[in-house]
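Bear in mind these aren't lab numbers, they're just calculated from the coordinates by the rules spelled out. Note that the structure is predicted; figures quoted are calculated from it, not measured. Neighbour counts are summed over all protein chains in view; Cβ atoms, including those assigned to glycine, are modelled from backbone coordinates with ideal geometry.
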Amino acid sequence: MPAPTPPLRDAAVLLPLYRDDANQLRMIVIRRTDFGVHGGQLAFPGGKRELQDATLEATALRETEEEIGLPSAQVRVLGKLPPIVTEVSGFRIWPFVGHIEPPAQWRWQPTEIAEVLSVVVDDLLLPDARVTETWQLPGWLAPMAVSFYRVGPYPLWGASYHMVRTLLPRLVAGEWEV
């Protein structure tokens, strides 16, 4: 008899969007520090739900302020995407899409965040932005095909990749006023 699967833990992230001075739609992505399970990877600000969080939206907003210093007053939540389940870490991640007023300078949590990146959304729509390669990572039994978006020198893959892949057609369709 297989061991019972532990229940999934809820987490939430914010996919922050804004228009720059040239009216280009941009998305904020963070690069995690080199420590931990997701060390060095690109992600969205967010984390696990805490007891004080009345809703998952509150989780996303709290974590965004903690990680990159963006107060919830500067975020207008536009909607949410379907949750993503991460089998490896045991989370059900709820992505919230938000229009933000970016600060003049980001104040990120240096123990968790190495870098805050502002990505031009149109760049993610270019034919060569989405790539599939075969990777062999520690802990994997065999090499696997991994799809990702190129964001500067970094791959945006895993749960974040799936969120962006779901988000882009909805942005192109004009679902939200950003």
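Summary: within the chain, the longest segment free of GluC sites (Glu not before Pro) located in DSSP loops with at most 14 other C-beta atoms within 10 Å is 88-174. Multiplying the residue separation of ASP34 and GLU66 by 0.36 nm and subtracting their alpha-carbon distance yields 9.7 nm. Among the chymotrypsin sites (Phe, Trp or Tyr not before Pro) in region 1-110, those placed in a DSSP loop whose Cβ has at most 14 other Cβ atoms within 10 Å are PHE35.
Tell me the mean residue ellipticity at 222 nm calculated for the chain from its helices only (DSSP H runs of n ≥ 4, each -39500 (n - 2.57), averaged over every residue, nearest 500).
On the way: 3 runs with 32 residues, N = 178.
After summing the helix terms and dividing by the residues of the chain, the value is -5500 deg cm²/dmol.
By the count of neighbouring beta-carbon atoms within 10 Å, fewest first, LEU56, LEU51, LEU78, LEU156 end up ordered LEU51, LEU78, LEU56, LEU156.
Counting other Cβ atoms within 10 Å as a rough exposure proxy, the listed residues ASP10, ASP53, ASP20 run ASP20, ASP10, ASP53 from fewest neighbours to most.
If you take the Cα centroid of region 131-168 and the Cα centroid of region 25-83, the two points sit 20 Å apart. Residues PHE148, PHE44, ranked from the fewest to the most other C-beta atoms within 10 Å, line up as PHE148, PHE44.
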